[in-house]
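The values are calculated or read from the model by the stated rules, or taken from the named source; none is laboratory data. What you see is a predicted model; the values in this text were computed from it and never measured. Neighbour counts are summed over all protein chains in view; Cβ atoms, including those assigned to glycine, are modelled from backbone coordinates with ideal geometry. Only protein heavy atoms, including side chains, enter the accessible area calculation; ligands, DNA and RNA are left aside. Shrake-Rupley method; radii C 1.70, N 1.55, O 1.52, S 1.80 Å.
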Amino acid sequence: MSEIAEIEKMVNERRNRDIQLTMEEKELFYKINARTVKGNLDNISRTKSYASFYRRHNEIRWSFLASQVSRNAGWNMTDLEGEWFPKILSKKERKILFSTYERANWLIFSDAYPQLLVYEYSNQVGKPYFHMLKLFSVSRFIESEWEYYWRHREGNRLVTAQIINEQNIIQKPVIEHPFYRKRVFQRFFYNLQDLLHFSSAIFPTLEGRLYGFSVHQFTKLDARIELGKKLASLLFHNSYYDHFLGFSNKVEHTGSRFDYEQYVSERRFRNTPFLRTTYPIIRHTQDNRIDWYRGNRYEKWFDEVELDEQIELTNWYLRKQKQMQVGILIEEILRKNKG
C-alpha cells in the first residue's frame, strides 16, 4: 500500500469516530469560522485574504494562485457593468452571470480558507491539527493531502491537490446545477465566448505585459484542473514569478481591469467600474456539503503539465478585446435595425 493510501485509510478511520474537542480546539474552531466569514464577504476581501496569507506563508503556493485567479474573477464581474457588455446583455442576464462568478468563488473560499488557517495554527504549535478539517466539511481527499504535506513538505504536490479539490468543490453546486446549466452554460453568449476563446486568465506585470491562457471548456472538470496546473506552473516559473509578485504587492485590487490596463496601453481612462461601488454584499446560504471524494484517486490529475509556447498574451489579448468590441457594436446595430 502506498503512503498516501495509508494516510487516507487513517483519515477515514478518524472521520468515522466522534470528534471530542478540547477547549483550545473549540476556541480555534470559532476563530477560524469568524475569520472565514469576514474574508468571504466579496471578491475584494477574498483576493486580499489569499494574498495576505501568502505573504505570511509563501510555502503554500496555492494561496498566491488563488489571489491571482480571484483578481481575474473580479475583472470578469465588473466587465458585466462596464462599457461594453450592457450593450448586448440585459440587466437580468448580467445579474445571473455575476451570481455564477460570485457563487463559485464564495464556495471555494468557504472550503479553502479554513484549510489555510488550520495549517497556520498547526505551524504555530508545531503539530498537525488537520483532524479539525472535518468540522469545516472539507473533503477526505484534501485532508489526506495536508497530512502528506506535513510529513514531506512537497509543495508542488500540495498545490496540485488543492487545485483538484477546489475544482471538484464547484462541479455539482455550480457547473452541474440545473439553474446555472440552463441559464448560463447553455446560453449563446457563453458558448460564443468559449468557442472564440474571448475569455482568458491573465497575470499582469508592472512592465505592461500580460501572461496566461485563454479559457475554454470551462464546464469540463478535467479541463479546469489542467488549466489550474498550467496557471500554477506559469505563476511560479523562475522567469516570471518576481514580476507577478511585484504587481500583486504594488497594485491594490479594485475589481476594475484598469488595475492593469494602466500599465498595458496608453489609454488612461477606466471603462469598467470599481467592484465595491457596483455590487452589494451577497448573503449566501450554505447547502449541506457532501464530500465529493469517493475514494477514486485519479493519478492523471497529478500529471505534470507543459506550458504552451504562447504564454505572453499582451498582443493577443488586446486584439481579442477589439474583436469583441466590434462584435458587440455590430450586434447592437442589428438589434436596433430589427427594433
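So which of LEU245, LEU227, LEU206, LEU221 is of a type in the set (A, V, I, L, M, F, W, C) and either open to solvent by 70 Å² or more (accessible area, probe 1.4 Å) or in contact with a strand residue (DSSP E or B) (Cβ under 7 Å, 6 or more places away or on another chain) (or both)?
Values: LEU245 fails: either open to solvent by 70 Å² or more (accessible area, probe 1.4 Å) or in contact with a strand residue (DSSP E or B) (Cβ under 7 Å, 6 or more places away or on another chain) (or both); LEU206 fails: either open to solvent by 70 Å² or more (accessible area, probe 1.4 Å) or in contact with a strand residue (DSSP E or B) (Cβ under 7 Å, 6 or more places away or on another chain) (or both); LEU221 fails: either open to solvent by 70 Å² or more (accessible area, probe 1.4 Å) or in contact with a strand residue (DSSP E or B) (Cβ under 7 Å, 6 or more places away or on another chain) (or both).
Only one candidate passes the filter, namely LEU227.
Taking the criterion of being farther than 30 Å from THR22 by Cβ, of a type in the set (Lys, Arg), at pLDDT 95 or above and open to solvent by 50 Å² or more (accessible area, probe 1.4 Å), would at least one residue in segment 166-176 satisfy it?
No; the residues of segment 166-176 include none that is farther than 30 Å from THR22 by Cβ, of a type in the set (Lys, Arg), at pLDDT 95 or above and open to solvent by 50 Å² or more (accessible area, probe 1.4 Å).
Report the residue count in segment 129-140 for those that are surrounded by 21 or more Cβ atoms within 10 Å (Cβ to Cβ) and either in a helix (DSSP H, G or I) or among the acidic types (Asp, Glu) (or both).
3
Scanning segment 1-32 for residues that are in a loop (DSSP other than H, G, I, E, B) and β-branched (Val, Ile, Thr), which turns out nearest to GLU120 (Cα to Cα)? Show your work before the answer.
Going residue by residue through segment 1-32, those that are in a loop (DSSP other than H, G, I, E, B) are 1-2, 16-22.
Those left that are additionally β-branched (Val, Ile, Thr): 19, 22.
On the way: ILE19: 21, THR22: 18 Å.
The extreme case among them is THR22.
From the list GLU207, GLU147, GLU252, exactly one residue is assigned to a helix (DSSP H, G or I) and modelled with pLDDT of 95 or more. Which is it?
Testing whether each residue is assigned to a helix (DSSP H, G or I) and modelled with pLDDT of 95 or more leaves just GLU147.
What number goes with the only condition from (1) of a type in the set (Lys, Arg); (2) touching a residue at least 60 places away in the same chain (Cβ under 8 Å); (3) within 19 Å of ILE202 (Cα to Cα); (4) in contact with a helix residue (DSSP H, G or I) (Cβ under 7 Å, 6 or more places away or on another chain) that LYS320 does not pass?
(4)
Could you please find all residues in segment 11-42 being farther than 12 Å from PRO114 by Cβ, surrounded by 13 or more Cβ atoms within 10 Å (Cβ to Cβ) and among the hydrophobic types (A, V, I, L, M, F, W, C)?
VAL11, LEU21, LEU41
Of all residues in segment 120-141, how many are under 30 Å from PHE185 (Cα atoms) and touching a residue at least 40 places away in the same chain (Cβ under 8 Å)?
So the count comes out to 5.
Consider only pairs whose beta carbons are under 7 Å apart and that are at least six residues apart or on different chains; among these, list those whose first residue lies in segment 227-246 and is within 21 Å of PHE53 (Cβ to Cβ) and whose second residue is open to solvent by 40 Å² or more (accessible area, probe 1.4 Å) and among the hydroxyl-bearing types (Ser, Thr, Tyr).
Final answer for the pair search is LEU234/TYR240; LEU235/TYR241.
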